[in-house]
1. Return the pair list, or none, for Cβ contacts closer than 9 Å from residues in region 82-104 that are under 13 Å from His55 (Cβ atoms) to residues that are loosely packed, with under 12 Cβ neighbours inside 10 Å and at pLDDT 95 or above, at least 6 apart or on different chains.
2. Go through the residues of region 64-76 one by one and say whether even a single one is surrounded by fewer than 13 Cβ atoms within 10 Å (Cβ to Cβ), part of a loop (DSSP other than H, G, I, E, B) and among the aliphatic types (A, V, I, L, M).
3. When you scan region 39-53, do you find a residue that is part of a loop (DSSP other than H, G, I, E, B), over 22 Å from Phe9 (Cβ atoms) and of a type in the set (Lys, Arg), even just one?
4. Which of (1) outside any strand (DSSP E or B); (2) polar (S, T, N, Q); (3) over 21 Å from Lys11 (Cβ atoms) does Ser112 not meet, given it meets every other one?
5. So in region 88-112, with the set limited to residues that are within 21 Å of Glu42 (Cα to Cα) and of a type in the set (Ser, Thr, Tyr), which one is nearest to the chain's Cα centre (by Cα)?
6. Among the residues of region 58-81, count how many are under 22 Å from Asp24 (Cβ atoms) and in contact (Cβ under 8 Å) with a residue 60 or more places away in the chain.
7. Please enumerate the residues belonging to region 1-44 that are within 22 Å of Pro106 (Cβ to Cβ), more than 16 Å from the chain's Cα centre (by Cα) and hydrophobic (A, V, I, L, M, F, W, C).
8. Would a scan of region 7-16 turn up a residue that is crowded, with 17+ Cβ neighbours inside 10 Å, over 26 Å from Asp91 (Cβ atoms) and not aromatic (Phe, Trp, Tyr)?
Amino acid sequence: MEEITWSDFEKVALCVGTIVDVQDFPKAKKPAYQLQIDFGTEIGMRKSSAQITVHYRREELIGRQIVAVLNFPRKQIANFFSECLVTGFADANGDIVLTTVDKEVPNGTRLS
């Protein structure tokens with residue numbers, strides 16, 4: 001694993017946001033959802049595509065706080081532009097489990 005410096009780490013904007021809308025994403029190559037995430041008044045709303053359909057149903061994602069990288073460039077996935085990268089870990093089968101916080105924090109809070 002390559003070492004990075006503290007200043008490298010500080011460049012990554014990992015922030016908490018609350019999922020406010022979830023739609024199916026039938027045009028994605030792999031099963032995915034289109035998420036709308038509230039990152040608070042300073043950052044606002046961002047959209048993301050996430051391949052999390054194995055572990056999560058649409059209705060259980062609404063209101064869930066997640067951790068996302070906000071300072072990657074937008075990425076086009078089929079007909080959709082993802083504006084942030086929702087983070088997670090692959091389970092033993094390679095299916096993604098979301099990175100979350102165990103207590104509620106204000107939307108937009110940056111990992112420190």
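1. Ile96/Phe89; Ile96/Ala90; Val97/Phe89; Val97/Ala90; Val97/Asp91; Leu98/Phe89; Thr99/Phe89
2. Quick first cut of region 64-76, residues surrounded by fewer than 13 Cβ atoms within 10 Å (Cβ to Cβ) only: 71, 73-74, 76.
Narrowing further to those that are part of a loop (DSSP other than H, G, I, E, B): 71, 73-74.
So of that shortlist, the ones also among the aliphatic types (A, V, I, L, M) come out as none.
No.
3. Going residue by residue through region 39-53, those that are part of a loop (DSSP other than H, G, I, E, B) are 39, 44, 51-53.
This time we only want the ones that are over 22 Å from Phe9 (Cβ atoms), so: 44, 51-53.
Among the residues that remain, those that are also of a type in the set (Lys, Arg) are: none.
Within region 39-53, not a single residue is part of a loop (DSSP other than H, G, I, E, B), over 22 Å from Phe9 (Cβ atoms) and of a type in the set (Lys, Arg).
4. Among (1) outside any strand (DSSP E or B); (2) polar (S, T, N, Q); (3) over 21 Å from Lys11 (Cβ atoms), Ser112 violates only (3).
5. Ranking the candidates gives Thr100 first.
6. The qualifying residues number 0.
7. Phe9
8. Our first condition is that a residue be crowded, with 17+ Cβ neighbours inside 10 Å; within region 7-16, this holds for 14-16.
Add one more test, that the residue is over 26 Å from Asp91 (Cβ atoms), and what stays is none.
No: zero hits.
The values are calculated or read from the model by the stated rules, or taken from the named source; none is laboratory data. No experiment lies behind these values; they were computed from the predicted model shown. Every residue, glycine among them, receives a Cβ derived from its backbone with ideal geometry; neighbour counts consider all protein chains shown.
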